[in-house]
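Working notes, beginning with the structure itself.
What follows is calculated from the coordinates using simple rules that are stated; it is not laboratory data. None of the values given here were measured: they were computed from a predicted structure. Using ideal geometry, Cβ is built from the backbone for each residue, glycine included, and neighbour counts are taken over all protein chains shown.
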Amino acid sequence: MLIDGHGRKVDYLRVSVTERCNFRCQYCMPEKPFSWVPHEKLLSYEDMFEFIKVAIDEGVTKVRLTGGEPLLRHGLENFVKMIADYSPTLDLALTTNAFLLEEAAQKLKDAGLKRINVSLDSLKPEVAHHIAQKDVLGKVLAGIQKASEVGLKVKVNCVPMKDINDGELIDILEFCKEKGYEVRFIEFMENSHASVKKGLNSAQIQEIIKSKYNFTKNEREGNSPSQSYELEDGYKFGIIEPHLDDFCSDCNRLRITAEGYLIPCLYFEDALSIADAIKAKDIDSAKEILRKVLQDKPEKNKWGSEDQSDRAFYETGG
Ligand code: SAM
Ligand code: SF4
């Protein structure tokens, strides 16, 4: 079992397979970064798999593949299959912008993927275009629809932004309700890479939804960072409320970047690389690095503090 320095059980690994992206979302990567990690520095799928096996053997029960845009990395379905075959009971999920999903969904499902989280910030083509800086909505909706049709459980992530998509939150909620997807509104997390200046906080999001629906607040489910709310007809939606940071106390997650850095917390600068150990097939050293990173996992996120990391969301995988 993996226990961090504050006694928290860590059983959730987020794996970024690339920092590259085909969108330029204004809250994440408005400009193409000055330089990408060169391809030769990325961990191969085989190397990542070696580490994921260690993590699973040590007690990880949930793995999420993310990025950048994970569907940009060639052969993702083969990677999914390696992991799913190793641990068929693993909760294996993907977070994607859905642009390439229509083509990939069936292959991912056949390979053993169970769940998918997609980003959907607007249902208006011109607003979606404005946010992603590309004409994306048609392909995104087709991708989401296909994922659902092939039997992947779909959750929708939406980042509400002031004067951009805040007039659409009810439409997005109703779209998801009708389709049977859970929607989670994510409070915009300010960071130096974003060009967006203002997001909506949880209270503002709730205020908008209250203008049409009565809802109640549910008990927080397990280690989820999402606070669940329930409409009178039983439909559940979530709000991810990092500004409250009360989910740090039972945080169960660890992140690995595409080049092999283990990151114990968003906005935490200190990270150790398992790349050399894994490439040398030195599993004992990789385990030691993993334990050290967990030992140093901060009790609370460093967001807003002086030593906050400037690492971008597209590097850590969100
Ligand atoms: N490209 C994929 C996607 O967009 O779903 C996966 C990577 S993306 C970094 C993962 C999640 O991070 C997305 O749901 C996105 O909305 C969220 N995200 C990115 N920047 C954010 C920010 N500044 N505040 C809140 N959420 C953010
Ligand atoms: Fe790309 Fe996802 Fe970041 Fe948008 S949120 S720029 S889709 S990594």
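Here are some notes:
- Residue match in the stretch 178-191 (condition: over 21 Å from Ala93 (Cβ atoms), out of contact with any His (no Cβ under 9 Å at 6 or more places or on another chain) and in contact (Cβ under 8 Å) with a residue 60 or more places away in the chain): yes
- For the stretch 245-265, the set of residues classified as closer than 17 Å to Gly318 by Cα, without any contact (Cβ under 8 Å) to a residue 60 or more places away in the chain and either in a loop (DSSP other than H, G, I, E, B) or touching a helix residue (DSSP H, G or I) at 6+ places or on another chain (Cβ under 7 Å) (or both) consists of Asp245, Phe247, Leu262, Ile263, Cys265, listed by residue number.
- Residue match in the stretch 21-43 (condition: assigned to a loop (DSSP other than H, G, I, E, B), more than 29 Å from Ser192 (Cα to Cα) and more than 16 Å from ligand 1 (Cβ to nearest atom)): no
- Taken as a whole, the structure places Gly143 among residues that are within 14 Å of ligand 2 (Cβ to nearest atom), free of Cβ contacts under 8 Å to residues at least 60 places away in the same chain and part of a helix (DSSP H, G or I).
- Test: Leu71 is touching a helix residue (DSSP H, G or I) at 6+ places or on another chain (Cβ under 8 Å), free of Cβ contacts under 8 Å to residues at least 40 places away in the same chain and away from ligand 2 (no atom under 15 Å from the Cβ): no
- Sub-6 Å Cβ pairs linking a first residue in the stretch 12-32 that is near ligand 2 (Cβ under 10 Å from one of its atoms) to a second residue that is of a type in the set (Ser, Thr, Tyr) and not in a loop (DSSP other than H, G, I, E, B), at least 6 apart or interchain, are Ser16/Thr66; Glu19/Tyr314; Cys21/Tyr314; Cys28/Tyr314; Met29/Tyr314, ordered by first then second residue.
- Residue match in the stretch 113-127 (condition: within 14 Å of ligand 2 (Cβ to nearest atom) and more than 24 Å from Ser226 (Cβ to Cβ)): no
- The stretch 53-69: number of residues that are within 29 Å of Val140 (Cα to Cα), out of contact with any Asp or Glu (no Cβ under 8 Å at 6 or more places or on another chain) and more than 15 Å from ligand 1 (Cβ to nearest atom): 0
- Residues that are surrounded by 18 or more Cβ atoms within 10 Å (Cβ to Cβ) and either among the polar types (S, T, N, Q) or within 14 Å of ligand 2 (Cβ to nearest atom) (or both) do occur in the stretch 165-182.
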